[in-house]
Amino acid sequence: MASLKTLLARPWIWSFVGALLVWLATIAFTGGYGAGGMVTAALSLAVFTVIVGVGQMFVITLGPGNVDLSLPANIGLASAVAMKVMGGSDAMIVVGLLAALACGAAIGAINYLLIWALRIPPIIATLSASFIIQSVDISYGRGLQIKPPPGFADFTNWQVLGIPVLAILTVLFTIGAAIALQRMIYGRSVLAIGQNIRAAWLAGVNVGRIRFLTYTLSGALGGIDGALLAGYFRGANVDIGNEYLLASIAVVVIGGTSVAGGKANVPGVWGAALFLVLLLTMLNTFGVSAGVRLLLTGLIIVGVITAAGGEKTVR
Amino acid sequence: MADADVIRLNGAEKHFGAANVEVVRLDGAEKYFGAVRALAGVDFHVVSGECVGLVGHNGAGKSTLMHMVAGTLTPDAGTIGVHGNAEAHYSVSRAQQLGIRCVFQELSLCPNLSVAENTRINHAALSGFGWRRRAADLISAKLDEIFPDHGISAWDIVGDLSIGRRQMVEVARAFTVTRDRLDLVILDEPTSSLDAHTAGQLLAFVRRFVAGGGSCILISHVLGEVLRNADRIVVMRDGKVVASDAAGAFDRDRLVTVMGGTEARERTAAQAAAAKPGASPLRVRARPAGQADGKDLVACAGEIIGLAGLAGHGQTDLLLRIFDAAARAKAGIEVTAPVALVAGDRQSDGIFPQWSIAQNIGIRSLARLRNGLLISPRREAELATLWQKKIGIRTPDMDNNIFSLSGGNQQKALFARALGSDAEIVLMDDPMRGVDIGTKLEVYDLVREEAAKGRTFLWYTTETEELDNCDHIYVFKNGRIVANLTRDELTEEKIIQSSFGDAA
Amino acid sequence: MSAPIDNGFKGSAARNAAARARLLRGLLPALSLALVLAAIAWLNPRAISYFGFSLMLNLAIPIALATIAQMFVIAGNELDLSIGTFVGFVGCVTATWLKDAPLIGVAILAGSIGIYALLGALIHLRNLPSIVVTLGMSFVWQGLAILVLPKPGGKAPDWLLAIMSFKPPLIPFPIIAALLIAAVVHFGLMRTSYGAILRGSGGNPAALRRAGWSLLKTKIVLFALAGLFGVLSGMALIGITTSADANIGNGYTLLAIAGVILGGGEFVGGRVSPIGAVIGALTLALAASPLLTFMHIPPDWQVAANGAILIIVLAARVLISRRER
């Protein structure tokens, strides 16, 4: 059948092909040594990018100008909130996770409130919000050296047959996100708004509510991500989310989601996250310096977007 | 060959002793947009020292023809000649060099720049030391000349000016001269945003400009303006020139007759009216925002209500307000059933370009297509197939991208979106713009069929013959309802009379 | 889409109101700066002195230059997410090559401006989203910065140190520099004939193309100017800090965007103001640390002050625009 052909026609396949090639290049270099461990490590790290990447994907899919720049600050604050609520006690893990979720969702809701009330571009709204969140975090988290409860730290590092449990859960979550995107009213509405916000309104889509939900969702995912990161790295930290601003946008774009809006791709987020993590691993294995690593990462992002070409933005 | 045509001319050169030279001439110009023929072999010319009035209904092909003269569109067939020389590679910049300027309906000013800076954009010569002063002097002098007491400063930011003043700047800028020559200015509805006083100033200037040997093409829906100011009037209909004669040979009635066509149209919908129940429940009661005399638009179940008048006179606004009022209450508008809208401007208001035909149809009915929480692909396909059959969308596969369809079939998909939904009220925003006649006839039948089942249609159209399908017609002018006709009272002349009525 | 039947004379009142609102909006940046200054004066009168300003506004010069760079990009309806790491890269080159091998240093910096110009061309020709391209470039510049200067260090060229520590009589150097930057860019962008074209390319690109101007050229020029001012910003920064660090400019990306918006610029429509942008940068520089230190607000909340000021100014702008209608 032409199934291979249809598979190759899907844009997200290329990020997986890239990830595979990078992985093969690395184990060729090491002579096969550490091939499995590398996959495990890549999966564990990719999880955190995927979670915020999915949130960012929904936001970016809303159309030109929509982006959530408050994710790093959000992650930082939520990680502190989660650790404080858990207070090192295994009994409070679920409560702590819920607190992080609520904290993130509140930040997302405030983001949309600013966009809506001040009628300012999302970039500047989420940016101003992130300044304030950052300060709240610094002030709140000062001297807060709380470790995660042992049970939580173990959970975030738990592996079954070399596969991180968190990665399995995240795969389930992304499957859910993919279904929501294609088969639920919410996802269809996001796609419609991203293609043409006026046409979406005239087709009966509740534009305001969908945008509100999307920013809240992105915030909530940032919150959860913060809690999980604090568990995985055994401690909350103001800077814990810093790299996820660029990473969340990069995985969305490399994964085949259109920056012009209206076209999203969930599997691509996974592929791109694995690709970026494995690329880093490869460059580390090759003994490349941090500078070259960043340089290549940047050139690849520019190369991918140039090759993909800009779609004509719809209006 | 050019000389022969000049001799055939009449009217224009009566004002001048000297022989007039042809400025621009099109022969056999044709233009297609997809399957729609916008221009069907038009011969058109302008000589120097002549003001040509160009009139016709919306969609008659006036704008297309003018875009060709200005170089923004190239004809699919036919030739263009300027100053007697054939132009093989005609373009906007070539037109500018040859002294042809155009004031388009959509403004081409930069709202973030001042009046003087906007003048500079059209004149490469305005640069170097003191350019701002020179640009300001140039545009101020022209504004003073055309619109004395205009009250516009060259340093005003265009975005701060009212629409009327912007139009004055745009017109004045077209008449400024630095390096390139200026022979012909096309004025497309130049007075649409001007009050009577300034419009009079502009037309008086046009007369002076023409008397000085320049040429103008004047497009206007205000027939009196054209009759009073043009030397020669060209009437277009259905992409053809149907009359061209000295202005004196026309009067208002003759123009209206020529524009609208005199042949009797068959009343296809007449028999459908009889079946209507006498008193059906009220569906919509709406009053335009600017309506001071208390006139309402009223629509009941099973009625097809026409919104007529010239394009952009408040019909779309009212439809959008009704659409909005269905979601949340609005003062002055009563809506008692779910509403769907069929967009006329498909690209900006209707189509989702990334999606298949089926998805484009299903978006309005997502809640009904669900099976539990999820949208059922089967139900979505069923809905699409049902309407593919019912409305005749010509495609091998409803899962193909929406753009695989021709324009007319895309429009059918938008009809399917609205008619396939739970909406009892369907708003139609001039949806037949640029659609071929076959599709039109199919859709007309469907609309009448659906109305007979109790649906209400509010139908804004710029094509008068479509109003034959309506039970009741409201004619709009300047955002207000100016006439309220039943089907029996409906004649084309009546609509044209009410919508062209010159403001006193 | 309604037919606006506008009476030319009735319109004049509305126009005056619009012009007044625009004036008010234009004064907003200056007003917020005055407010911040007043607060500082009230909290610590001694700060309002030659020495106080020299100290408080020290870092304002590189921020103002980076803001101007961002402003050029925004004038063309694009956004540069890489200006911060670019400033860092320039800083690293300044503290190493420019000092040790001035010719090569100058060549590198000129080349980096060329890359900016190329980016402008690429974005226009391939119709790429500038956010993504510059996002990728931010990695590139950071990587190059680390390659040039793996560990914090290096030293600014002496001539640069001399310029940046210049102590003119009466008026502190940062204020003179800010005035100079504002005046030069204001003249270039707001007063020259090509400046009008550059701004027009953000206001109504279609009209500009119809009038025969090349949008490719305007985009290249705007990006090259952004590169130029990015270079100046990085050099000024190193002239103040004397040594460099690959991460030194990272915060500038967001500060520069905030500065442009605070200064009355808008993301689309070519509405930018060089003077406003410089004032916005000064406000941010002052509000960030000196003001809050005097208010005895812990340094933790300094970033929040930037965010709060942005939100307050934008809210004020919305109120003014509401009154406009």
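Quick note: the coordinates plus some simple rules give every number you see, no bench work behind them. It should be emphasised that the depicted structure is a prediction, and the values quoted were computed from it without experimental measurement. Don't worry about glycine lacking a Cβ; one is built from the backbone with ideal geometry, like all the others, and counts go over all protein chains shown.
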**OP:** Please give the FRET efficiency for B:Asp397 paired with B:Glu465, using the beta carbon to beta carbon distance and R0 = 22 Å, rounded to the nearest 0.05.
**Re:** 0.05
Subject >> Environment charge of B:Asp429, counting only residues whose C-beta is closer than 11 Å and scoring Lys/Arg +1, Asp/Glu -1 >> reply: -2
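For chain B, what is the relative contact order in percent, using Cα pairs closer than 8 Å and at least 6 residues apart in sequence?
Value for chain B: 16 percent.
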Subject >> Max mean-square fluctuation residue, GNM over chain C, Cα-Cα springs under 10 Å, options C:Arg199, C:Arg25, C:Arg210 >> reply: C:Arg210
Original post:
Going by a ≥ b ≥ c, the root eigenvalues of the Cα gyration tensor, does region C:27-324 fall in the rounded group (a/c under 1.5), the prolate group (a/b larger than b/c) or the oblate group?
Top reply: oblate
Original post:
How long is the protein assembly as shown along each principal axis, judged by its Cα atoms, biggest number first, in Å?
Top reply: 92, 75, 58
**OP:** Show which lysines lie in cross-link reach of C:Lys167 when reach means a straight Cα distance below 27 angstrom and same-chain residues fewer than eight apart are skipped.
**Re:** C:Lys99, C:Lys155
Original post:
Say R0 is 41 Å: what FRET efficiency, to the nearest 0.05, do C:Leu170 and B:Arg179 get from their beta-carbon distance?
Top reply: 0.25
**OP:** Check the straight Cα-Cα distances from C:Lys151 and name the aspartates and glutamates below 13 Å, setting aside those fewer than 8 residues away within the same chain.
**Re:** C:Asp245
Original post:
Between exposed chymotrypsin sites (Phe, Trp or Tyr not before Pro) in chain A, where DSSP calls loop and at most 14 other Cβ atoms lie within 10 Å, what's the longest gap?
Top reply: A:159-285
Subject >> Calculated on alpha-carbon atoms, Rg and Dmax of region B:270-500 in Å >> reply: 17.5, 56
Original post:
Quick one: which of B:Lys62/B:Lys240; B:Lys389/B:Lys412; B:Lys390/B:Lys412; B:Lys330/B:Lys412 span more than 19 angstrom between C-alpha atoms?
Top reply: B:Lys330/B:Lys412
Subject >> Cross-link partners of A:Lys84 among aspartates and glutamates (Cα-Cα below 17 Å; sequence separation of 8 or more within a chain) >> reply: A:Asp137, A:Asp225, A:Asp239
Original post:
Would you list B:Lys142, A:Lys84 from fewest to most Cβ contacts within 10 Å?
Top reply: A:Lys84, B:Lys142
Original post:
Given R₀ = 25 Å, FRET efficiency for B:Ala327-B:Ala381 by Cβ-Cβ distance, to 0.05?
Top reply: 0.30
Subject >> Quarter of the Cα convex hull surface for region A:1-159, i.e. its orientation-mean projected area (nm²) >> reply: 13.7 nm²
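So for region B:270-500, averaging the separation of alpha carbon pairs under 8 Å that are six or more residues apart and normalising by length, what relative contact order in percent results?
Rounded, it is 31 percent for region B:270-500.
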Original post:
Over all distinct Cα pairs, what is the inverse of the mean 1/r for chain B, reported as the Kirkwood hydrodynamic radius in Å?
Top reply: 25.0 Å
Original post:
Can you sort C:Val313, B:Val342 so the residue with the fewest Cβ neighbours within 10 Å comes first?
Top reply: C:Val313, B:Val342
